[in-house]
Amino acid sequence: MKRTMRLSALFCALLLGAWLVCSGTAAWAASPVLDTSTACEGYFTVRYEGDRHGKMKVAVTKDGQTEYYTYHPGEEWAYALTQGDGDYTIRLYKNLSGTKYRSVAKATVAVEITFSQEDQVGQTAQALCQGL
């Protein structure tokens, strides 16, 4: 009898643990991700697994100037940091209705983009500009 109760308790604990892990994973997958780890290379990525049918926008602000881009939920998209070195604020907005949006994620990043003649970007630029 005691052995059966212990096995039942162990089974319940394992079931509860599995539920917590799965529900935590589902919550993570639905949360927006603004990945700025590649900012020094001149871009960042966005991934949002929430409502895939809604309209979304990405706003990139530097020195008071904001550029807006369309984003399609459920996909990972890369966006260029086109305003050079400096501090950027990146926001992901979800459309509520009409022209009303709600911010669902925000990231700030200090960018120092470094390219040289030896890296891939420098070599490609040199090849494209050769003979000009």
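The values are calculated or read from the model by the stated rules, or taken from the named source; none is laboratory data. Everything numeric here is computed off the predicted structure, so don't read it as measured data. Neighbour counts run over all protein chains shown; Cβ positions are idealised from the backbone, glycine included. Accessible surface areas use protein heavy atoms only, side chains included; no ligands, DNA or RNA. Shrake-Rupley method; radii C 1.70, N 1.55, O 1.52, S 1.80 Å.
Once the other residues with Cβ under 10 Å from the Cβ of GLY86 are scored (Lys, Arg +1; Asp, Glu -1), what is the net sum? Intermediate results must be reported in sequence, preceding the final value.
Numbers: positive: LYS62; negative: ASP63, ASP85, ASP87, GLU112.
In short, -3.
Subtracting the Cα-Cα distance from 0.36 nm times the residue separation, let me have the gained length for GLU67 to ILE113 in nm, one decimal. Before the final figure, lay out each step's value.
Numbers: separation 46, 0.36 × 46 = 16.56 nm, distance 1.86 nm.
My answer for the length gained is 14.7 nm.
So if I restrict to the alpha-carbon atoms in the stretch 59-122, what is the Rg, and what is Dmax, the biggest pairwise distance, in Å?
Every Cα atom of the stretch 59-122 included, Rg and Dmax give 14.5, 49 Å.
Which trypsin sites (Lys or Arg not before Pro) from the stretch 33-132 combine a DSSP loop assignment with at most 16 other Cβ atoms within 10 Å? Walk me through the intermediate numbers first.
Working: sites: ARG47, ARG52, LYS55, LYS57, LYS62, ARG91, LYS94, LYS100, ARG102, LYS106; in loops: ARG52, LYS55.
Sites meeting the loop and neighbour criteria: ARG52, LYS55.
Over the stretch 93-132, what percent of the accessible surface lies on carbon and sulfur atoms, probe 1.4 Å?
For the stretch 93-132, the apolar C and S fraction of the accessible surface comes to 52 percent.
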